[in-house]
Amino acid sequence: MALTQVKSDGIADGAVTTNDLSDSGVTAGTYGSSSAIPAITVDAKGRITSASTNSVTQVGGANGVDFNDDVKARFGTGNDLEIYHDGANSFITDTGTGSLSIKAEPSITLKSQNVNINNAANSENIARFFENGSVDLYYDNNKKFATTSTGIDVTGQVTCDGLITDGNFILTGGDLQIGSSTDTSVYTRIDFEDNGGVGQFNLNAHGTAEFKMIHNRSGSTNGGIPTSAAGFTSPQTCPIYFANSGTARAYFDTTGNFRPAANNTYNLGSSTQRWRNFYTNGVLFNGDTADANKLDDYEEGVWTVNTHGFGGNFITQNAYYVKVGRLVTCWWDLYSSSQNMSWNGGHGSYIYGFPFGSEGSLVNSVSITRIDSAINSFDVQAFFSGSTTASSITVKNEDGASSHRHYSGQITYRTTA
């Protein structure tokens, strides 16, 4: 069977040769390459009337990929990940159900003057990073943590399992609470570890601030004292105690009394380091508890000797007293260098002005320790009218006396208080 020929006036049998096709003007050749795609023009009768190529930018290679503004590079079957630039800002948007993970080994470096991390709606701050500035962290759009030129600034509470500082710890306001306020089974401690035995542990209140140690005891059967501390045994109740070398030394009990941890064991002061003043409302000795037995006063001083009925040129050389509780002892010495001191006969001469009022007219003892004269007879009488200025000792000499150098003596009596 003969081949069918295609002619303009129909199909005829016979071979089709190049002479049978009209020239279309297209240059014979290969169109298209790795960097260009063919561009072909076909007329209404299906004939190729022209052929050329258009260059294209490869994905990858030396030239990279260029996208105009708002042209998105999409990834994923549902276009879940988009990367684009809107003319002002650049975006990496993940709208899928999973997470956007960035993985790198060994590290990831973000380079920018400022970095902001916001929520998906771009309505809340999560973290902000500023070049030559702070790093800010947020909780529910409220800044809680920020770095500063000197350290960090925290707004709110800090909860941590431990805290180690190489420098000063400064609390400028509020309270420092250590331990749980609800867990009474946990003992709170402040431990100081020295540096080779040369460290110090100081609690200082600077300026006009008060320094207080307060233990609010609530519900504890032993006042919060570790039972391992020597000197304290349950159910001892002691809010604040002092110990060293693992042994309790003293404590404040729940009624405010300051007590030694062991009976008849510790001293107040020493032979070379003594307390200067000791202010008290009374001292009880050897287990005595009666208020009436308190030693509530000890005093030493000088007093002014007043005389009545004495003559001659004399001075008061010594006049002093000691008061122990309500018992007063006074000493005096009237001295005349010319030995011309004299006193009247009878009961006309006396001295007075003793310190403290007398309990009454009773005088425990009176003694004249020195009178430089030969006196036929003399008598010393003492009486008190109850007031300090009227208290007196009368020197009685039936004949009077003169030419004396000393008149010295002492008296012991009880006061009203």
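The values are calculated or read from the model by the stated rules, or taken from the named source; none is laboratory data. Since this is a predicted model, take the numbers as computed values, not measurements. Because the Cβ atoms are built from the backbone with ideal geometry, glycine has one as well, and the counts that use them run over all protein chains shown.
This table checks each residue for (1) within 26 Å of Val324 (Cβ to Cβ); (2) part of a loop (DSSP other than H, G, I, E, B).
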residue	(1), (2)
Ala250	no, no
Thr255	no, yes
Ala262	no, yes
Tyr266	no, yes
Arg276	yes, yes
Asn281	yes, yes
Asn286	yes, yes
Thr289	yes, yes
Open item on the list: Restricting to segment 291-316, name every residue that is assigned to a loop (DSSP other than H, G, I, E, B) and either of a type in the set (Ser, Thr, Tyr) or touching a helix residue (DSSP H, G or I) at 6+ places or on another chain (Cβ under 6 Å) (or both).
Closed with: Thr304
Open item on the list: Take the residues in segment 221-272 that are aliphatic (A, V, I, L, M), under 25 Å from Asn286 (Cα atoms) and surrounded by 12 or more Cβ atoms within 10 Å (Cβ to Cβ); name whichever of them is modelled with the lowest pLDDT.
Closed with: Ala230
Task: Candidate set: segment 336-355, residues that are crowded, with 20+ Cβ neighbours inside 10 Å and assigned to a loop (DSSP other than H, G, I, E, B); chosen: the one modelled with the lowest pLDDT - done: Ser336
Open item on the list: Going residue by residue through segment 103-113, is there one that turns out to be under 48 Å from the mean Cα position of the chain (by Cα) and either acidic (Asp, Glu) or over 27 Å from Leu137 (Cβ atoms) (or both)?
Closed with: yes
TODO: Give me a count of the residues in segment 300-335 that are surrounded by fewer than 17 Cβ atoms within 10 Å (Cβ to Cβ), among the aliphatic types (A, V, I, L, M) and in contact (Cβ under 8 Å) with a residue 60 or more places away in the chain.
DONE: 1
Task: Residues of segment 109-128 satisfying the condition of being part of a loop (DSSP other than H, G, I, E, B), surrounded by fewer than 10 Cβ atoms within 10 Å (Cβ to Cβ) and not hydrophobic (A, V, I, L, M, F, W, C) - done: Thr109, Lys111, Ser112, Gln113, Asn122, Ser123
Task: Close pairs from segment 85-96: first within 11 Å of Arg74 (Cα to Cα), partner not in a loop (DSSP other than H, G, I, E, B), Cβ under 6 Å, at least 6 apart - done: Ile92/Ile83; Thr93/Glu82; Asp94/Leu81
Open item on the list: Name the residue that is surrounded by the fewest Cβ atoms within 10 Å (Cβ to Cβ), counting only residues in segment 132-158 that are among the acidic types (Asp, Glu) and at pLDDT 95 or above.
Closed with: Asp140
